[in-house]
Each structure stands twice: as C-alpha cells, then as structure tokens.
Amino acid sequence: MSKSLPMYLPSAQSDVEGRSLVIGAIGRALADELLAGGADLRVMCRRAEQVRGFLGRGIDAAQGSLDDSDGLRAALRECDQLFLNAPPGLQQRGQNRRIVDAAVDARVSHAVKISDANPELAILWAHDHARADEYIRRSLDCS
C-alpha cells in the first residue's frame, strides 16, 4: 500500500533562496507551484515545443537532455537549487550521476529528487533510485 508524503515547496517566505532548475516529468506542475510561491526558476525540457510553451508563459526554459553533461551544466548555470525526477529506464543510473555531477560542478546548494528507492525490491529502477539517492548524499554533502 502506498502512502502520501508531505511535499515541501519553497515559497517567497521560504529560507531556501536562489534560482531553481526543474527537470523531469514533474516540470509543469512543479513550476506552477514554485512560481505561485514567488520562486525564481528555470525548467529544462527535452523538446523545443515544451521550451516554447514555458517561454511563452514568461518562464525561463532550456532545451536539454539528461544524457548530455554539457547541456546539464549550461542549464544549471546560475542555479542554486535542483528539482529532479529522472524517468525510470535503463539510462536512469547514468542520467542521475550526470545531473548530480553537473550540480556539483555548478555548486548547487540544495537538491530535491523524486525517488522511490527501495533496494530490497526486485525492480531495477528501485535499486537505481537508492544508488542515486546515496550518490546525491555523498556528492552534495547532504545529511
């Protein structure tokens, strides 16, 4: 049985400040929530029409891929925070490592990753989430 977890979103009154980069399937809904709270953000999208849609709404957007380290570094430029939801699949482990490495290079101070980590499940993506979560904790000095 799944249980609902509370969600923390920065707002204008939050102690988390700076520009955020939002990546992944949660992009549109999360961007709307963050903007409603007064956040400064950029969204990274895979397709040009998605970028145009965000830009048309006055939201900073960059086209990129979780498979492109240089593109990730460019999208993270001037960002202090990262919201990540890498899609499950065979590429997930490498994609999570690339974005974390790019975040470290960009000196990102705060990361939020959507995760369904459970190394005890016989499901590859659950193991990959657990590995990625640990890599984030080690790489970004999270406690």
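The values are calculated or read from the model by the stated rules, or taken from the named source; none is laboratory data. If you're wondering where the values come from, they're calculated on a predicted model, not measured in any experiment. Cβ coordinates were reconstructed from backbone atoms using ideal geometry, including for glycine residues, and neighbour counts include every protein chain displayed.
Computed quantities for the displayed model
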| quantity | calculated |
| --- | --- |
| Those residues of the range 27-45 which are in contact with a strand residue (DSSP E or B) (Cβ under 9 Å, 6 or more places away or on another chain) and loosely packed, with under 15 Cβ neighbours inside 10 Å, in sequence order | 35 |
| Residue, farthest from residue 112 (Cα to Cα), within the range 46-71, restricted to residues that are among the small types (Gly, Ala, Ser) and surrounded by 13 or more Cβ atoms within 10 Å (Cβ to Cβ) | 53 |
| Condition met for residue 120 (of a type in the set (Asp, Glu) and at pLDDT below 80) | yes |
| Helices (runs of 4 or more DSSP H) lying entirely in the range 1-114 (those with 3 or more residues that are modelled with pLDDT under 90 and under 29 Å from residue 138 (Cβ atoms)) | 27-36, 92-105 |
